[in-house]
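The values are calculated or read from the model by the stated rules, or taken from the named source; none is laboratory data. For clarity, every value in this text was computed on a predicted model and none was experimentally measured. As a convention, Cβ positions derive from the backbone with ideal geometry for all residues, glycine included, and neighbour counts pool all protein chains shown. Surface areas here come from the heavy atoms of the whole protein model, side chains and all, with no ligands, DNA or RNA. Shrake-Rupley method; radii C 1.70, N 1.55, O 1.52, S 1.80 Å.
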Amino acid sequence: MDKKKGAYIGVNIGTALSNMPSPTMVAALLKSQQIRNVRLYDADLAMLAALANTGIRVTVSVPNEQLLAVGQSNATAANWVARNVVAHVPAVNITAIAVGSEVLTALPNAAPLLVPALRYIHSALVAANLDGVIKVSTPHSSSLILDSFPPSQAFFNRTLEPVFVPMLKFLQSTGSYLMLNVYPYYDYLQSNGIIPLDYALFRPLPPNKEAVDANTLLHYTNVFDAVVDAAYFAMAYLNVTNLPVVVMESGWPHKGDPTTEPDATTDNANTYNSNLIRHVINSTGTPKHPGVSVPTYIYELYDEDLRPGVTSEKFWGLFDANGVPAYTLHLTGSGMLLANDTSSQTFCVAKEGADEKLLQAGIDWACGPGKVDCSPLTQGKPCYDPDTVEAHASYAFNEYYHGMGMAAGTCHFSGVAAITTTDPSHDSCLFSGSGGRNGTVLNGTSLTTSPNSTSSTSSDAHSFYQSKVVLQILEALLSGLVFL
């Protein structure tokens, strides 16, 4: 695996919206946000037409409901490729075909047909002389990795080895890669407090809080890297090395049921996705393979209001159906994705009604170790009035936030701070970033889509981690992988 090669961020485009934007509107949003890599859950003709001549790299998919036919017939696979790929290239920059989605967990009875489907699709690409530019793979749930903590002990579900071994050999022989879905949100949610939130969100951890693989002594500062390395170790267990990993789905919901999903918030979604993007673009790699890029597709472009399940299932999107950002990503330094970072118009303020002791502690930290110039808050200075803890905290928090370049996680302050697009400046008290433009607090409340009658089919790709994986995490954290 080449170091610092091929680092990129993509975005999944689900269509389970009651008011799904037209393909031309989707393409316009992608271009305006400088999104250069997308994954479709099908090969919709209108969507492909809208992506023509944009240069956007496209992964098309064979839906699970078509897998049986494709896996049973070389001719059916050839027709699928002719209709959904050959007819659109080179105008559409198709770079990969995802055959099915989490087939081994979502459709286990179809497992024997998965490798034939991969081979038939690839054979059709060879016949069309496209196998050099379009790779074939299939996305897997990371729940297939057993004993994934610590990563060095990981292995794939052994009952699936008759499928997994030839599949990995196929990927290796065709120069493809392992497609993996990685959701630290679910690992955290289902660990009942064993996994720290900061560890799931890529927030900086002191060395004594890092997770250490007792077998390799590798230090893990986030769940994402641990899961990816578990995949590397699991492949090595099957004597497959140097096969790259591409994460086809990862993200964090920005809203959920306050009672059962309290960590599905705007701030956490912002922190996770911003840190994820920075981690990937910088080719940080993983502890096992430092500097080896792990291209990753964010789940997902739009909130999908038609998705069934718990509340958070509907709120994984970066945008609502009207193209309005669900929250403002802060990507200073990554320089290549999502122009909705309106940096000069975002502020960090105290949450209304927050605990005054926590607010005061935040002020003391910001004006002390945080090195914020808090002299404008002293009596007789422009920002002294109103003389309340909340008002003073907003000034101190915002100065720290802007002083740190609005980096993800710098508007937290033990949970009593929130990002807003409303300029909190007043009278002669000007807050950093002030541009005189007002907006709305990004507090996790969804931007409601218009309930028009246009319907669309829901993608089938987003599944919960299985409960036994959680038990493995808990057991392993208590044994080999420990938080010191």
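Observations on the structure shown:
- Treating each Cα of the chain as an identical point scatterer and summing with the Debye formula, the log10 of I(q)/I(0) at q = 0.09, 0.11 Å⁻¹ comes to -0.63, -0.92.
- Counting only the Cα atoms, segment 189-323 fills a convex hull of 135 Å³ per residue.
- Cα-derived Rg to Rh of segment 100-257, Kirkwood definition: 1.01
- Taking the square roots of 5 times each eigenvalue of the Cα gyration tensor of segment 199-244, largest first, gives ellipsoid semi-axes of 23, 12, 6 Å.
- Extension gain, residue 241 back to residue 18 (0.36 nm per residue minus Cα-Cα distance, nm): 75.9 nm
- Among the protein heavy atoms, those of residue 133 account for about 90 Å² of accessible surface (1.4 Å probe, every chain in place).
- Antiparallel bridges, percent of DSSP beta bridges restricted to the chain (to nearest 5): 35
- All C-alpha to C-alpha distances of segment 1-155, sorted into 10 Å bins beginning at zero, yield P(r) values of 10, 35, 34, 17, 3 percent in whole numbers.
- Note on segment 1-67 and segment 234-272: Cα centroid distance 19 Å, given to the nearest whole angstrom.
- Heavy-atom accessible area for residue 130, with the other protein chains in place and a 1.4 Å probe, reaches approximately 30 Å².
- Two-decimal log10 I(q)/I(0) for segment 277-323, as the Debye equation yields it once each C-alpha is a single scatterer, q = 0.14, 0.23 Å⁻¹: -0.51, -0.75
- Heavy-atom accessible area order for 187, 131, largest first, 1.4 Å probe: 131, 187
- Estimated from helices alone, the mean residue ellipticity of the chain at 222 nm is -9000 deg cm²/dmol (sum of -39500 (n - 2.57) over DSSP H runs with n ≥ 4, per residue).
- Largest to smallest accessible area among 217, 180, 197 [probe 1.4 Å]: 217, 197, 180
- Counted charge near residue 220, where neighbours are those whose Cβ lies closer than 13 Å (Asp, Glu -1; Lys, Arg +1): -4
- In the chain, the longest principal axis of the Cα atoms and the axis of helix 356-367 are about 90 degrees apart.
- The alpha carbons of segment 1-93 stretch over 42, 40, 24 Å along the principal axes, in descending order.
- Each pair of Cα atoms in segment 58-115 enters the Kirkwood radius, and Stokes-Einstein at 10 °C and 1.306 mPa s then converts it into a translational diffusion coefficient of 133 µm²/s.
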